[in-house]
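Rule-based calculations on the coordinates, nothing more; no lab input. What you see is a predicted model, and the numbers here were worked out from it, not measured in a lab. No Cβ is skipped: glycine too gets one built from the backbone with ideal geometry, and neighbour counts run over all protein chains shown.
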Amino acid sequence: MHYSDEEIRSSYKIEPLEGVIYQVSFLRPILDIDDDIKMAQFINEEFGEILARNAGKNFRILVDFSALGRENKVTPKARRIYENLLSDPRVEKIAVISLNSYTTVMMNFIVFAARISSKLKIFSGQKAALEWLKK
């Protein structure tokens with residue numbers, strides 16, 4: 001099943017939390033391969049605009065997969081898009097909230113491929129993730 005661009009955009013949310021911390025929340029699963037890639041492109045474009053509007057600033061990102069439960073798959077092409085975004089030197093730290101092993105494995109793969117192990121950590125809840133981002 002293919003979703004419209006509007007439906008894909010409504011399946012995630014990017015919002016400022018405090019200071020230089022932004023949250024990317026995945027709100028519902030996108031299981032179609034083409035739609036998954038399109039969502040990664042939309043997120044990359046939107047966060048790229050945030051970076052461009054704030055030249056000279058570094059950011060910290062909270063990525064929240066908790067609403068997806070076990071229904072989240074990320075295609076290899078979408079993973080490469082996320083790797084590119086997360087490896088940007090202006091992204092200082094990335095905290096990931098994950099409630100399942102698939103997301104943990106997928107994020108570890110991205111960490112390895114993008115060589116960002118020092119700036120990404122996986123958590124099971126928002127409180128600990130935010131505390132780490134603020135350090």
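Structure data summary
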| quantity | calculated |
| --- | --- |
| Residue-wise HN-Hα coupling along the range 7-18, computed from phi with Karplus coefficients 6.51, -1.76, 1.60 (Hz; x: Gly, Pro) | 5, 5, 5, 7, 8, 8, 9, 10, 8, x, 9, 7 |
| Sorted by Cβ density within 10 Å, fewest first, the residues ILE33, ILE97 | ILE33, ILE97 |
| Exposure proxy ranking, count of Cβ atoms within 10 Å, fewest first, for ILE30, ILE37 | ILE37, ILE30 |
| Label zone at LYS57 (point 7 Å along Cα-to-Cβ), backbone N below 13 Å, the range 1-38 | 15-23 |
| Residue exposure sequence - GLU131, GLU46 - by fewest surrounding Cβ within 10 Å | GLU131, GLU46 |
